Structure formats: C-alpha cells, structure tokens
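Read through the structure below, which is laid out as structure tokens, and then see the notes.
The values are calculated or read from the model by the stated rules, or taken from the named source; none is laboratory data. The structure displayed is predicted, hence computed values, not measured ones. Backbone-built Cβ (ideal geometry, glycine too); neighbour counts: all protein chains shown. Accessible surface is based on the protein model in full, side chains and every heavy atom, while ligands, DNA and RNA are left aside. Shrake-Rupley method; radii C 1.70, N 1.55, O 1.52, S 1.80 Å.
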Amino acid sequence: MSGLFDLTGRTALVTGSSRGIGNSLARGLAEAGATVVLNGLNEARLAAAEAAMAADFAPGQIRSLAFDVTSDVAAAEGIAWIEGNVGPLEILVNNAGIQHRVPLLDLDVKDWDRVLSTDLTSAFLVGREAARGMLARGRGKIINICSVQTDLARPTIAAYTAAKGGLRNLTRAMTAEWASGGLQINGIAPGYIHTEMTQNLVDDEKFNSWILGRTPANRWGTVQDLVGPAVWLASDASNFVNGQTIFIDGGMTVVV
Ligand code: NAP
C-alpha cells in the first residue's frame, strides 16, 4: 500500500456496517490498515459481523458498537465511547440508510420522517459529534454515502431522493464550516450495485436490460468498485478534495 493511501493506526467508524455496502467499506478500510468500528441496530447481526471480520485482521483491529444513528443522544454517546475506548476518531463513513417504495400520493408522513431521519439527519447527528474531536485535533475525514438519486429521481422513492439530495448539500455545508479546521468532507454516490439485496433486480430480465442500456459501462457495479474511492477519500491522498460528491455509477448520471 502506497504511503498516501495507508490508514495504519487511524480509527474509523462506518455506520450501518453490519451488512451490505457498509460492511464491504469497513473491510476495505481495515485492509488499508485502519482500526474499524462496525455499527448497526441489530446487536446479534452486528456481533456476527464483527466475529466474521475479526478473524481476518489483527487483534483489536475490528470493534463494534450498536447504536441508533437517528438519535442525538445515542450519536453523542457512541462517538464518546469510541474516543474513550478505541482511539481518536479520524474517519467517519455515514453509510446507514433505508429505502421505502410507495407512490408519492400514498406516502405517509411517518415513513417520510423515518427515511429522512435515517438517510439525512443521521449524517448531521453523527457527523456533528465526530467533528467536535476532529476539529480539536485539526484533522479528519467524513464520507457521506449518497446515491445516483442524489442527482436523479424515479417514481416511488421520493423520500429517499429528497434525503440523498439533501445529503449532498449537507456535505457542502459541513465543508463550508469545517474545511478550514483541517477536515475533508466528501460524498460517494453509488450507482446500481449488485448485492444480495439487488439480486432480484439482476434476475429481472426487463430491469436488468434497462440498467445495462442506461449504464455506459454496460454492467452493474460491485461493492468492490466502491472500496478504492472510499480508501482514497479516507486517506491523505485526498487532502485537498473538499465538498465533492463522487459518482461511482459506470457513467449512468452523465448520459440520457
Ligand atoms: P443494507 O444492506 O440494507 O444495510 C443497511 C445498514 O444500515 C445495516 O447495517 C443496518 O443495520 C444499518 N441501519 C439502518 N438503520 C440504522 C439506524 N437507525 N442506526 C444504525 N444503523 C442502521 O443497505 P445497503 O444497500 O448496503 O446501503 C448502504 C448505503 O448505501 C445506504 O445509505 C444506501 O442508501 C446507499 N446506497 C445503496 C445502493 C445499493 O445498490 N444497495 C446504491 C446507492 C446507495 P441493521 O443490520 O441492524 O438493520
């Protein structure tokens, strides 16, 4: 690993990393040398994820803490626990997120609030608490996991689209206030990623051919496609990259 991308000795928190994209990003940061704190809501699933990953890394390099990223109190307690028990938090990946599919006319305000608080407010709450220590130390990296829906809309996912669009502007707002304090805050916007969760869409011939036709790279993304950009944005290799949202989408958002 080139020194520029080396994360050895740095403590990272990846929210929503008990499974899915967050889990792969956590593994990628650990492979680059970071000590990684996994997070999720379901304690049993989180403990299993920690055990599965810990076997591949040095003792103590993989830790975990279950807390609800939508709670201001839990976010403050979670960050304080990490700073006190693991190390000064240098890398935060705001990845936890949920989807809710329903036509806009049928969208209940409770579901709107649930999506907005998990996909947008959480990044404010966890980011704010993480930034306190980062600013005091004069360094830190925050990576907000956005989506192609940061820039584009589709029917039935209005709350998600609104939240992910907001997350890009929160990335800019954090940059406006914290970049001068030595922090770099950027977004990663994944396109359509082939995971267990999207296997049914890959298997759906009509949807799959729409994706391939709509994507200049003519394929689905993989979780591994996201790891390099995440390590870059977590490392010294991106020290003058501020407030950007990088689309990792095979070119989907640059064509019609
Ligand atoms: P996923 O497999 O459904 O995993 C979601 C993770 O978030 C789980 O670890 C879950 O924990 C955690 N979580 C949910 N609510 C939480 C809360 N209130 N507090 C703490 N943790 C919480 O999701 P994914 O598909 O990997 O997506 C991860 C991120 O990438 C999301 O922000 C999503 O919008 C974005 N994204 C995904 C895709 C894609 O193709 N999948 C594309 C673009 C963007 P539990 O296990 O405890 O429930």
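The table below lists the values:
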{"read-out": "Options Lys110, Lys141: the member that is in contact with a helix residue (DSSP H, G or I) (Cβ under 6 Å, 6 or more places away or on another chain) and of a type outside the set (Val, Ile, Thr)", "value": "Lys141"}
{"read-out": "Leading residue by the ranking (nearest to the ligand (Cβ to nearest atom)) among those in the stretch 180-233 that are aliphatic (A, V, I, L, M) and over 19 Å from the mean Cα position of the chain (by Cα)", "value": "Leu201"}
{"read-out": "Out of Asp204, Asp249, Asp236, sole residue that is out of contact with any helix residue (DSSP H, G or I) (no Cβ under 8 Å at 6 or more places or on another chain) and at pLDDT 95 or above", "value": "Asp204"}
{"read-out": "Cβ pairs under 8 Å, 6+ apart, first in the stretch 211-222 and at positive phi, second of a type outside the set (Phe, Trp, Tyr) and within 13 Å of the ligand (Cβ to nearest atom)", "value": "Asn218/Gly250"}
{"read-out": "Filter result (more than 15 Å from the ligand (Cβ to nearest atom) and either among the basic types (Lys, Arg) or at positive phi (or both)) within the stretch 64-109", "value": "Gly87"}
{"read-out": "Which numbered condition Thr11 misses (of (1) open to solvent by less than 50 Å² (accessible area, probe 1.4 Å); (2) touching a residue at least 12 places away in the same chain (Cβ under 8 Å); (3) within 14 Å of the ligand (Cβ to nearest atom))", "value": "(3)"}
{"read-out": "Residues of the stretch 139-186 satisfying the condition of being open to solvent by 30 Å² or more (accessible area, probe 1.4 Å), within 21 Å of Arg10 (Cβ to Cβ) and assigned to a helix (DSSP H, G or I)", "value": "Trp178, Ala179"}
{"read-out": "Leu125 touching a residue at least 12 places away in the same chain (Cβ under 8 Å) and open to solvent by 30 Å² or more (accessible area, probe 1.4 Å)", "value": "no"}
{"read-out": "Exclusive hit being polar (S, T, N, Q) and touching an Asp or Glu at 6+ places or on another chain (Cβ under 6 Å), set Ser64, Ser71", "value": "Ser64"}
